[in-house]
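Chemist: Before I ask anything, let me first share the structure, which is written out below as structure tokens.
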Protein chains: 2
Amino acid sequence: MPQSWEELAADKRARLAKTIPDEWKVQTLPAEDSVIDFPKKSGILSEAELKITEASAADLVSKLAAGELTSVEVTLAFCKRAAIAQQLTNCAHEFFPDAALAQARELDEYYAKHKRPVGPLHGLPISLKDQLRVKGYETSMGYISWLNKYDEGDSVLTTMLRKAGAVFYVKTSVPQTLMVCETVNNIIGRTVNPRNKNWSCGGSSGGEGAIVGIRGGVIGVGTDIGGSIRVPAAFNFLYGLRPSHGRLPYAKMANSMEGQETVHSVVGPITHSVEDLRLFTKSVLGQEPWKYDSKVIPMPWRQSESDIIASKIKNGGLNIGYYNFDGNVLPHPPILRGVETTVAALAKAGHTVTPWTPYKHDFGHDLISHIYAADGSADVMRDISASGEPAIPNIKDLLNPNIKAVNMNELWDTHLQKWNYQMEYLEKWREAEEKAGKELDAIIAPITPTAAVRHDQFRYYGYASVINLLDFTSVVVPVTFADKNIDKKNESFKAVSELDALVQEEYDPEAYHGAPVAVQVIGRRLSEERTLAIAEEVGKLLGNVVTP
Amino acid sequence: MPQSWEELAADKRARLAKTIPDEWKVQTLPAEDSVIDFPKKSGILSEAELKITEASAADLVSKLAAGELTSVEVTLAFCKRAAIAQQLTNCAHEFFPDAALAQARELDEYYAKHKRPVGPLHGLPISLKDQLRVKGYETSMGYISWLNKYDEGDSVLTTMLRKAGAVFYVKTSVPQTLMVCETVNNIIGRTVNPRNKNWSCGGSSGGEGAIVGIRGGVIGVGTDIGGSIRVPAAFNFLYGLRPSHGRLPYAKMANSMEGQETVHSVVGPITHSVEDLRLFTKSVLGQEPWKYDSKVIPMPWRQSESDIIASKIKNGGLNIGYYNFDGNVLPHPPILRGVETTVAALAKAGHTVTPWTPYKHDFGHDLISHIYAADGSADVMRDISASGEPAIPNIKDLLNPNIKAVNMNELWDTHLQKWNYQMEYLEKWREAEEKAGKELDAIIAPITPTAAVRHDQFRYYGYASVINLLDFTSVVVPVTFADKNIDKKNESFKAVSELDALVQEEYDPEAYHGAPVAVQVIGRRLSEERTLAIAEEVGKLLGNVVTP
């Protein structure tokens, strides 16, 4: 007898619950809103395990490569902490510590035999968003109709990471459809922010944001077609890299609207430092992913590009543009202060900072929103309806019945509009350079109008999505935390639209107190090396290296 | 009173005829089928002008940069020879010698004043396919409905070439729609092959093939979505580079099906040597086109990639695959001999040559043909119908009324099929490398089933178009000429399809005697530097440097 969608979901939850051994069970869930410090107090991790999970990935791979740590030690530590993360934040779709430990043992045996690591990520556990396929596991991606199907092979990125020596242990939660920036689905419900259960962990790579935020993972792999790497990074006080399309391999991953190529979703890392973003990126590029995924550009890590920024920082400084308002929706006071703080830190260090006028971001936001629904949402509706589950409330805009599918000639017109907009933006970039008489190295901007958002209040994607439309490289840098004593309600605010009014109306200094605030550092297309180096400098100037 | 399409076409022809000064007029058109040697005998060009037009572009820019030639001298020589080419082959849509000479004078003045060239192409005339926009001129692209519209700006590539110092003097003919490999439209009629008026010059960059073939131009700029650079290069005994998408700027060019992005048309040069293909490519990349056209990858010329091939050639040789039959349509005997000759020359020089099994080229050919008509040909029909002109006979396949437009979800499925096919092909490539224990550097293959084709007999695009679907870099190398004494009819031929039978049936040793035969050297995506270096080696081994 076929099961109802509720039964299928309950079965999945029960299977997931069983993956956590009794000795890793949290006996009494904390009553506090914030659980970020709970792992330290849980008694489940040893001192050594706490130390491992609070180290950087760069440090861990260095110790693993030197034989100072075994992969089993490191993997066990992260499995335990991930189990806690799961119980506190509900961040996993799949958890497979036994298989992870078996993989770790193999790597340790390899090391014992050959006295060298298999690759640059030898023995390091890496958490994967539930779009990446790992042979033998489910990729449900939050659709009930996709449950109980087990992957017969790896995604290309999984293969590259395996070759580099990574260990897999968890696949993390996403919202139904992936097309929203909070993480809710009908299988596991809602994933919450470890810093406050009343805030969203972001989305769509929300499980990654939560698990890396609470250090149940050290490098998380997310994807981004409209903010889905950057928003969870921002909401969890993490760094995140949205590379440009074609830099890292997306092939053989699951996706909503698979085959849609007008704006490509991209894959990238979420970490606690730029150093770890770089470690991930270099490790993947070192596997020559362009020989496996035809969409990847044969562009190895370009150290010379990184060095150009290092040299600029040393001699005379960077030239950075910035904006705090895209003309559509004014950010909340903590975000405005975040941009201001970042710009002030750059200026103080001698870098040139100049206001940037966002170019037609209203047009850009409209165009990409239109692209997301180019098929009249037939694809996502098919996968939702297949099980009879309802759509989550967050996607009501996407599933607007007034949105009709476009035909081929309309699509081609959309492509031309996109291309022209991208080129006009490049022209503005060149004009700024001509005016300054030097390169414009990056633009600092908000990534969302809010600090880590209160549930069901993520309303405006434009700060993120216009950058997707432009396919610029973007790195999220954590800046500060909302502070009710500084970030008062904006008394002089005048709304430019109903949405603008609604978003601003929802700012509550008390409710947002302590919420992470971030900016994004935006570089030209395929400028990963440079933009990472700039983000690293920004992070250093902000002194924001935070331990949990 | 609105003019009929016939009147509009006649008016354009009359305007075009007037652009040729009386002193450049050919008094008596040659009676011979071949006019390739006519410019030498015409009496219109001086000895010095003949020498200029028979030099390489590399030699010319070197002399221009050294002040040994002026741009006016060089431009005048090519304008004269282009005027002859136009009268003999009907290869131009626009011809503007006065403006070219004015541009040349300005460049000479710059040189006189600054004692240095403006850029790497200083003073060199370059011919442009009639898709590239040059401010002030018509881009009709063979559509009558597009006549009498004058471009208000340059295409990005035009801008890049201008900055590099190029001079513009002619825009060359294309077939109606661009979607066929012969050059016929209702404005100027047919462009013929300078080596034999009974053969096609190829298409869609057919005017470029003809004008560079007869040395009315030294570097021609073509485009290619299914063979349109490579076929004219092959049919005119020229070299042609089809770069991968994203390497050279296509922005702001006219196109059929503008905005179609499932398979991108690409732009590239047609020349008499690899050295000149390289000069063009390096000169354009030197202008940082990625700062103007958002689709261009920020990938400067990579000399190190070229050097890897040079080093392989020096030490131990290249590893080259080859095939002479794609499983769909068997080439004519001269083409089979062309592949054989090339492979033998490589083997003799010590390079490794191994048969390559074409992977699902039937599927690839079907898929890309389906992509070309994804809108049910609504776009091209609109531009044809706007004037009331009839469709040319060559495009009857494209305008098949049975082809229906696909919807968005079908398109996305097509995208997935394309991506998977590309990746399967990469897998075959990797397997070949694993088997050989070394890199597979390139694959040698036919580019068409025929030598320079007889009019209205171009029937099969698959040798070219599957490479577009794969987005591999491809360089055409001229090999030899059909020879009725060697290339007998294939007596053992057994057709695999009706089309295969028809194509083979049309082989006539007498009619094809002397027709150019070429191969393509296929490299991985974005392998321009390597593939050019391999093509150069192939050309050297064949000893095919030919003077007209």
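Chemist: Amide H of B:E138 versus every other amide H placed in the peptide plane: which residues, excluding those fewer than 5 positions away on the same chain, fall under 5 Å?
Modeler: Close amide H contacts, sequence-distant or interchain: B:D151.
Chemist: Moving on to the next point. Which percent of Cα-Cα pairs in chain A sits in each 10 Å bin, short to long?
Modeler: Result, from short to long distances: 4, 19, 31, 28, 14, 3, 0, 0 percent.
Chemist: Which percentage, to the nearest 5, of the DSSP beta bridges contained in the protein assembly as shown is antiparallel? Don't jump to the answer; show the numbers that get you there.
Modeler: Working: 62 of 88 bridges.
Percentage antiparallel, nearest 5: 70.
Chemist: Quick one: with label points 7 Å out along Cα→Cβ, list the inter-copy distances for B:K360 in nm, shortest first?
Modeler: Those label-point separations list as 3.9 nm.
Chemist: Measuring label to label, 7 Å along Cα→Cβ, what does B:E106 give against each other copy in nm, shortest first?
Modeler: Those separations, rounded to one decimal, come out as 6.5 nm.
Chemist: Only four residue types carry charge here, +1 at the Cβ of Lys and Arg and -1 at the Cβ of Asp and Glu. Report the dipole size of the range B:44-107 about the Cα centre in Debye, rounded to the nearest 20.
Modeler: 60 debye
Chemist: Order these peptides, A:378-388, B:174-184, by their mean beta-carbon neighbour count within 10 angstrom, highest first.
Modeler: The densest-packed peptide leads the list: B:174-184, A:378-388.
Chemist: To continue, here is another question. Using DSSP H assignments, which helices in chain B have an axial alpha-carbon span of 18 Å or above and a mean Kyte-Doolittle hydropathy of 0.5 or higher? Write down the numbers at each step before the final one.
Modeler: Details: long enough: B:5-18 (20 Å, -0.96); B:71-89 (26 Å, 0.63); B:97-114 (25 Å, -0.93); B:333-348 (22 Å, 0.56); B:408-436 (42 Å, -1.56); B:528-542 (21 Å, 0.01).
Within chain B the helices that satisfy the rule are B:71-89, B:333-348.
Chemist: Select from the range B:1-82 those trypsin sites (Lys or Arg not before Pro) which occupy a DSSP coil region and have at most 15 other Cβ atoms within 10 Å, ordered by residue number.
Modeler: Filter output for the range B:1-82: B:K25.
Chemist: Something else now. In the range B:370-430, how does Rg compare with the Kirkwood Rh, expressed as the Rg/Rh ratio over alpha carbon atoms?
Modeler: Taking Rg over the Kirkwood Rh, I get 1.15.
Chemist: State the dimensionless ratio Rg/Rh of the range A:35-82 (Rg: radius of gyration of Cα atoms; Rh: Kirkwood radius).
Modeler: 0.98
Chemist: Thinking of the range A:1-78 as a set of Cα atoms, what percent of all their pairs are more than 19 Å apart? Don't jump to the answer; show the numbers that get you there.
Modeler: Numbers: 1704 of 3003 pairs.
Result for the distance tail: 57 percent.
Chemist: Right, another one. Non-local amide H neighbours of B:G222 (under 5 Å, H modeled in plane, Pro and chain starts lacking H): which ones?
Modeler: Amide H to amide H, under 5 Å and 5 or more residues apart or across chains, B:G222 pairs with B:G268, B:I270.
Chemist: Toward the positive end of the charge dipole of the range A:131-253, about the Cα centre and with charges on Cβ (Lys, Arg +1; Asp, Glu -1), which of A:I144, A:P232, A:A164 goes farthest?
Modeler: A:A164
Chemist: Scaled to the compact-protein estimate 2.2 N^0.38 Å, what is the alpha-carbon radius of gyration of the range A:403-500, rounded to two decimal places?
Modeler: Compared with the compact-globule rule of thumb, the range A:403-500 sits at 1.44.
Chemist: Quick one: give the max-minus-min coordinate of the C-alpha atoms of the range A:1-149 along each principal axis, largest first, in Å.
Modeler: 54, 37, 23
Chemist: Mind checking the dipole of the range A:113-243: about its Cα centre, +1 per Lys or Arg Cβ, -1 per Asp or Glu Cβ, Debye to the nearest 20?
Modeler: 540 debye
Chemist: Under 5 Å between amide hydrogens, which residues at least 5 positions from A:V521 or on another chain qualify, with H placed 1.01 Å from N in the peptide plane?
Modeler: Residues meeting the criterion, in which the H sits 1.01 Å from N, are A:V475, A:V476, A:V477.
Chemist: Show me, for the range B:219-230, the HN-Hα J-couplings you get by feeding each phi into the Karplus relation (A = 6.51, B = -1.76, C = 1.60, θ = phi - 60°), rounded to Hz, glycine and proline as x.
Modeler: Values, residue by residue: 10, x, 10, x, 9, 8, 10, x, x, 5, 8, 6 Hz.
Chemist: A follow-up question, please. Provide the packing ranking of A:72-78, B:199-205, i.e. peptides ordered by the mean count of other C-beta atoms within 10 Å per residue, highest first.
Modeler: Put in order of decreasing packing, that is B:199-205, A:72-78.
Chemist: Stokes-Einstein at 37 °C, 0.692 mPa s, Kirkwood radius from Cα pairs: D for the range A:79-127 in µm² s⁻¹?
Modeler: 269 µm²/s
Chemist: Which whole-number percent gives the relative contact order of chain A, counting Cα pairs below 8 Å spaced six or more residues apart?
Modeler: Computed over chain A, the figure is 16 percent.
Chemist: Can you pull the percent of Cα pairs in the protein assembly as shown with separation above 56 Å? Spell out each step's value before the answer.
Modeler: On the way: 118931 of 600060 pairs.
Distances greater than 56 Å cover 20 percent of the Cα pairs.
Chemist: Considering only the label points, 7 Å along Cα→Cβ from Cα, what distances in nm to one decimal separate A:A31 from the same position in each other copy, shortest first?
Modeler: Nearest to farthest, the other copies are at 11.2 nm.
Chemist: Within 10 Å of each Cβ in A:297-303, how many Cβ atoms from other chains are there, averaged over the peptide? Provide the component values of the computation, followed by the final result.
Modeler: Values: counts 7, 9, 5, 0, 0, 2, 0.
The mean count of partner-chain Cβ atoms within 10 Å per residue comes to 3.
Chemist: Determine the percent antiparallel among the DSSP beta bridges restricted to the range B:90-238, to the nearest 5. Working shown, then result.
Modeler: Values: 8 of 14 bridges.
The antiparallel fraction comes to roughly 55 percent.
Chemist: Another question, then. Taking the Cα centre of the range B:407-548 as the origin, how large is its charge dipole in debye, to the nearest 20, when only Lys and Arg (+1) and Asp and Glu (-1) carry charge on their Cβ atoms?
Modeler: That gives a dipole near 220 debye.
Chemist: Determine the relative contact order of the range A:132-217: mean sequence separation of Cα pairs under 8 Å and six or more apart, normalised by residue count, in whole percent.
Modeler: Relative contact order for the range A:132-217 comes out at 23 percent.
Chemist: Per residue of A:411-420, count partner chain C-beta atoms within 10 Å of its C-beta, then hand back the mean as an integer. Walk me through the numbers on the way to the answer.
Modeler: On the way: counts 8, 10, 2, 2, 5, 5, 1, 3, 9, 3.
Mean shielding count: 5.
Chemist: Still on this structure: Of the peptides A:490-496, A:149-155, B:96-102, B:232-238, how do they stack up when ordered by the mean number of other Cβ atoms within 10 Å, highest first?
Modeler: Values: A:490-496: 10.3, A:149-155: 14.7, B:96-102: 17.3, B:232-238: 33.1.
Going by the mean number of other Cβ atoms within 10 Å, highest first, we get B:232-238, B:96-102, A:149-155, A:490-496.
Chemist: Provide the percentage of antiparallel DSSP beta bridges, counting only those with both residues in chain A; round to the nearest 5.
Modeler: Once the DSSP bridges in chain A are tallied, antiparallel ones form about 70 percent.
Chemist: What are the ³J(HN,Hα) values, in whole Hz, obtained from phi via the Karplus relation 6.51 cos²θ - 1.76 cosθ + 1.60 with θ = phi - 60°, for each residue of the range A:34-39 in sequence order, with x given for Gly and Pro?
Modeler: Per-residue couplings from phi come out as 9, 10, 4, 9, 4, x Hz.
Chemist: Continuing with the same structure: From the backbone phi of the range B:292-298, what are the Karplus-calculated ³J(HN,Hα) couplings (6.51 cos²θ - 1.76 cosθ + 1.60, θ = phi - 60°) in whole Hz, Gly and Pro given as x?
Modeler: 10, 10, 5, 8, 7, 6, x
Chemist: Using only DSSP helix segments of four residues or longer, with each worth -39500 (n - 2.57), what per-residue ellipticity at 222 nm results for chain A after dividing by its residue count and rounding to 500?
Modeler: -12500 deg cm²/dmol
Chemist: Sticking with this structure for a sec: Under the definition of partner shielding as Cβ atoms of other protein chains within 10 Å of a residue Cβ, what is the mean value for peptide A:288-295?
Modeler: 5
Chemist: Just tell me which lysines come within less than 23 Å, Cα to Cα, of B:K428; anything on the same chain fewer than 8 places away is out.
Modeler: Straight-line reach from B:K428, under 23 Å: A:K135, A:K163, A:K252, A:K291, A:K295, B:K312, B:K360, B:K418, B:K438.
A short reminder: the numbers here are calculations on the coordinates, not readings from a lab. As the structure is a prediction and not an experimental result, all values here were calculated from the model. Quick reminder, even Gly has a Cβ in these numbers, built from the backbone with ideal geometry, and neighbours come from all protein chains shown.
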